[in-house]
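A short reminder: the numbers here are calculations on the coordinates, not readings from a lab. Quantities reported herein were computed from a predicted structural model and do not represent experimental measurements. Every residue, glycine as well, gets a Cβ built from its backbone with ideal geometry; the counts of neighbours run over all protein chains shown.
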Amino acid sequence: MSARHSLLELFDAALRAVDGRACVERVLRYSGYEGMIAIFAVGKAASAMTLGALQSFGDMVESALVITKDGHADPALEGDARVTVIESAHPLPDSRSLEAGAELARRVSELPGSRFPIFLVSGGSSSLVELLQDGHTLADLRALNERGLAAGWGIATLNAERKKLSRLKGGGIARLLDGRDALALFISDVPRDDTGVIGSGLLGESVGLVDHVVRRIVANVDMAARAARDAGLARGLDVRTRFARFAGDAQAVAGEFVAALREAEGDGLVWGGESTVQLPARHGRGGRNTHLALAAARLLKADEPFTILAAGTDGTDGPTEDAGAVIDAGTIERAELAGCDVDRAFRGFDSGTALEAAGDLVHTGPTGTNVGDILIGIKRDLAARGPWAARML
């Protein structure tokens with residue numbers, strides 16, 4: 001089995017470990033709650049998380065509001081009269097984001113006291129729902145998001161700025177609950193799994209207010225990285241995990257990862273985290289993972305038998321439909337033989353075009369989770385590992 005195929009299997013194992021449906025169902029299975037329930041799910045993994053809650057509570061669920069990214073609604077929710085699905089905008093908000101935010105706020109505010117609210121929040125929520133402070137407009141909101149994305153702001157900086165415009169961010173939904181009991185489950189894509197940051201803190205704690213929201217993380221990137229490592233071990237690969245999130249400029253992360261792979265003991269590495277890119281005014285197709293992957297490919301020497309996967313666990317890389325890419329020392333040559341000017345593509349942040357030419361893009365479609373990004377590198381030719389290794393693979 002090729003290193004490329006093995007990497008895709010390890011990535012698949014990572015995704016299954018943080019699947020929204022399975023993680024929510026596992027947490028709620030033995031909750032013991034017996035009343036009627038209202039579900040509010042927001043984020044790229046909202047559909048999958050809702051399916052987990054429905055599986056756990058069945059007829060106890062009276063209603064479910066699911067707000068998710070275009071194309072991320074699960075067909076399994078169709079036909080259930082209790083479920084309202086709203087598809088909204090990501091990564092830049094539009095008028096639907098304001099409509100979705102207003103509907104979320106209305107339903108939370110009008111929820112009868114006899115209904116227990118369960119909130120299911122995952123990454124992407126910030127763009128999908130919004131209710132603006134007086135004096136601010138959708139144009140202000142879009143300009144803020146465009147500025148932050150282009151400048152490569154980290155999630156903490158971006159969220160701090162979003163809160164200044166918003167009535168929902170920074171604990172807005174928690175405030176609407178006005179002290180009532182609630183449960184909030186999170187799939188985390190942020191450092192330290194801070195519930196005040198996930199979704200720009202929709203369910204963050206509000207200082208000075210009575211708060212009876214129980215908050216719990218059900219999946220994060222560490223779980224995904226461990227699953228990839230364990231899948232490697234099951235295939236006879238000694239893949240080492242670093243439990244410190246990677247962050248910062250994608251090109252710098254690529255250099256750090258390639259250097260670490262060269263020095264690593266065993267067969268490879270798996271890292272989790274989220275890089276950033278600073279986009280010029282005019283740029284091509286791609287996202288932070290394809291830019292990172294192409295940067296890594298440009299660093300590899302012709303004789304280095306390394307294969308590296310860089311991909312988003314949500315199945316999308318920025319504004320593209322690509323999850324990421326799997327590259328090796330032949331990536332640049334394959335792209336150039338296909339007629340691509342790789343240096344120009346890299347400078348123009350057109351990594352997706354170059355990696356498509358090389359045949360190295362990875363497509364998964366919506367995954368039902370969103371814990372950030374995964375980097376996996378294998379540092380030797382698996383075909384040269386002998387018959388024992390071949391049997392293990």
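Observations, loosely collected:
- Across region 1-150, Cα pairs under 8 Å and at least six residues apart give a relative contact order of 25 percent.
- Shown for 291, 136: other C-beta atoms within 10 Å of each C-beta, ranked fewest to most, produce the order 136, 291.
- Dividing the helix sum by the residues of the chain, where each DSSP H run of 4 or more adds -39500 (n - 2.57), gives a mean residue ellipticity at 222 nm of -11500 deg cm²/dmol.
- With all pairs of different C-alpha atoms in the average, the Kirkwood value for the hydrodynamic radius of region 160-248 is 15.0 Å.
- With 20 Å bins from 0: P(r) over the chain, alpha-carbon pairs, percent: 29, 54, 17, 0
- Working from label points 7 Å from Cα in the Cα-to-Cβ sense, the residue 87 to residue 321 distance is 1.2 nm.
- Ordered by the number of other Cβ atoms lying within 10 Å of each residue's own Cβ, fewest first, 189, 178 fall into the sequence 178, 189.
- For residue 169, the lysines whose Cα falls under 20 Å of its own Cα, not counting residues fewer than eight places away in the same chain, are 44, 69.
- Each residue of region 158-170 was assigned a 3J(HN,Hα) from its phi angle through the Karplus expression (A = 6.51, B = -1.76, C = 1.60, θ = phi - 60°), giving 4, 5, 4, 6, 4, 4, 5, 9, 10, 9, 9, 6, x Hz with x at Gly and Pro.
- Diffusion coefficient of region 19-219 by Stokes-Einstein, Kirkwood radius over Cα pairs, 20 °C, 1.002 mPa s: 129 µm²/s.
- Ordering of 348-359, 23-34 by packing [mean C-beta count within 10 Å, highest first]: 348-359, 23-34
- Taking packing as the residue-averaged number of other Cβ atoms within 10 angstrom, the listed peptides 240-249, 324-333 run from highest to lowest as 324-333, 240-249.
- Inter-part distance where region 220-262 and region 18-87 are each reduced to a Cα centre, Å: 31
- Counting beta carbons within 10 Å around each of 153, 271 and listing the fewest first gives the order 153, 271.
- Multiplying the residue separation of residue 301 and residue 178 by 0.36 nm and subtracting their alpha-carbon distance yields 38.3 nm.
- Phi to ³J(HN,Hα) by Karplus 6.51 cos²θ - 1.76 cosθ + 1.60 over region 309-322, Hz, x for Gly, Pro: 10, 10, 8, x, 6, 7, x, 10, 10, x, x, 9, 9, 8
- Residues listed by number, region 34-67, amide nitrogen under 15 Å from residue 110 label point at 7 Å toward C-beta: 63-65
- Against the main long axis of the alpha-carbon atoms of the chain, helix 288-299 sits at an angle near 10°.
- Nearest-ten-degree value, helix 46-57 long axis tilted from longest Cα axis of the chain: 60
- Förster-model FRET efficiency, 41 Å R0, residue 62 and residue 146, C-beta, rounded to 0.05: 0.55
- Packing-based ranking of 297-310, 94-107 yields 297-310, 94-107, ordered from highest to lowest mean Cβ neighbour count within 10 Å.
- Relative contact order (%) - criterion: Cα under 8 Å, at least six apart; region: the chain: 18
- The distance between label points at residue 234 and residue 343 comes to 4.5 nm (points 7 Å beyond Cα on the Cα→Cβ vector).
- The C-alpha atoms of the chain define a longest principal axis, and helix 221-234 lies at about 40 degrees to it.
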